[in-house]
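*Asks:* Before I ask anything, here is the structure I am working with.
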Amino acid sequence: MQPIYPPEIQERLDRFVDQELYMHLEVTTGAYASHFDSSKHPGSAFVSNAVIRYTVGSISGTGPYRVGLKTTQGWVYAEGLTHIDASDTQRLILAGHDGQGKLMVALQLSREPF
């Protein structure tokens, strides 16, 4: 994975506008954190292969970044993104890692199911 370069992400988001896509969205604040420290409140969300079509996709921030996708019914966004799988040119695979390199958020878009 490589650090995010916002103009590249914006270009890739623009390529997917108005297409039926599969989305993977994953967020964790440490789902297993309470196993190691009972004072930590775990939280997570996981959505895989949800079909989405967006009319506007944008990246914002100065790093970590936020990606927002405007659909006809509302918005989907992921915040805290830091890296891209630059070797995958057919799908957009973004991740956000904490200071220890642990995954905190993932947003992935593809024309094919994951």
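The values are calculated or read from the model by the stated rules, or taken from the named source; none is laboratory data. Bear in mind the structure is a predicted one, so any value in this text is a computation, not a measurement. FYI the Cβ positions are ideal-geometry reconstructions off the backbone, even for glycines, and counts take in every protein chain you see. With ligands, DNA and RNA removed, areas are computed over all heavy atoms of the protein, side chains included. Shrake-Rupley method; radii C 1.70, N 1.55, O 1.52, S 1.80 Å.
*Asks:* Counting only residues that are in contact with a Ser or Thr (Cβ under 9 Å, 6 or more places away or on another chain) and over 20 Å from Val105 (Cα atoms), which one in the range 57-76 is least open to solvent (accessible area, probe 1.4 Å)?
*Replies:* Looking only at the range 57-76, we keep the residues that are in contact with a Ser or Thr (Cβ under 9 Å, 6 or more places away or on another chain), and these are 63-72.
Among the residues that remain, those that are also over 20 Å from Val105 (Cα atoms) are: 71-72.
Details: Thr71: 21, Thr72: 115 Å².
The qualifying residue least open to solvent (accessible area, probe 1.4 Å) is Thr71.
*Asks:* Inspect the range 86-95 for any residue being within 15 Å of Pro3 (Cβ to Cβ) and out of contact with any strand residue (DSSP E or B) (no Cβ under 7 Å at 6 or more places or on another chain) and give the result as yes or no.
*Replies:* The answer is yes; a qualifying residue exists.
*Asks:* Let me ask you something else. Give all pairs with beta carbons closer than 6 Å in which a residue from the range 86-99 that is closer than 19 Å to Glu20 by Cα meets a residue that is assigned to a loop (DSSP other than H, G, I, E, B); count only pairs at least 6 apart in sequence or on separate chains.
*Replies:* Ile93/Asp85
*Asks:* Any residue at all in the range 89-111 that is at pLDDT 90 or above, of a type in the set (Gly, Ala, Ser) and surrounded by fewer than 13 Cβ atoms within 10 Å (Cβ to Cβ)?
*Replies:* For the range 89-111, residues at pLDDT 90 or above, of a type in the set (Gly, Ala, Ser) and surrounded by fewer than 13 Cβ atoms within 10 Å (Cβ to Cβ): absent.
*Asks:* Ok, one more. Working only within the range 2-12, note down all residues that are assigned to a helix (DSSP H, G or I) and either free of Cβ contacts under 8 Å to residues at least 60 places away in the same chain or in contact with a Ser or Thr (Cβ under 7 Å, 6 or more places away or on another chain) (or both). Walk me through it before giving the result.
*Replies:* The initial filter retains those residues of the range 2-12 that are assigned to a helix (DSSP H, G or I), namely 6-12.
Pro6, Pro7, Gln10, Glu11 - these are the residues of the range 2-12 that are assigned to a helix (DSSP H, G or I) and either free of Cβ contacts under 8 Å to residues at least 60 places away in the same chain or in contact with a Ser or Thr (Cβ under 7 Å, 6 or more places away or on another chain) (or both).
*Asks:* Being modelled with pLDDT of 95 or more and open to solvent by 40 Å² or more (accessible area, probe 1.4 Å) narrows it down to one of Ser48, Ser38, so name that one. Spell out how you get there, then give the answer.
*Replies:* On the way: Ser38 fails: modelled with pLDDT of 95 or more.
Checking each option against the conditions leaves just Ser48.
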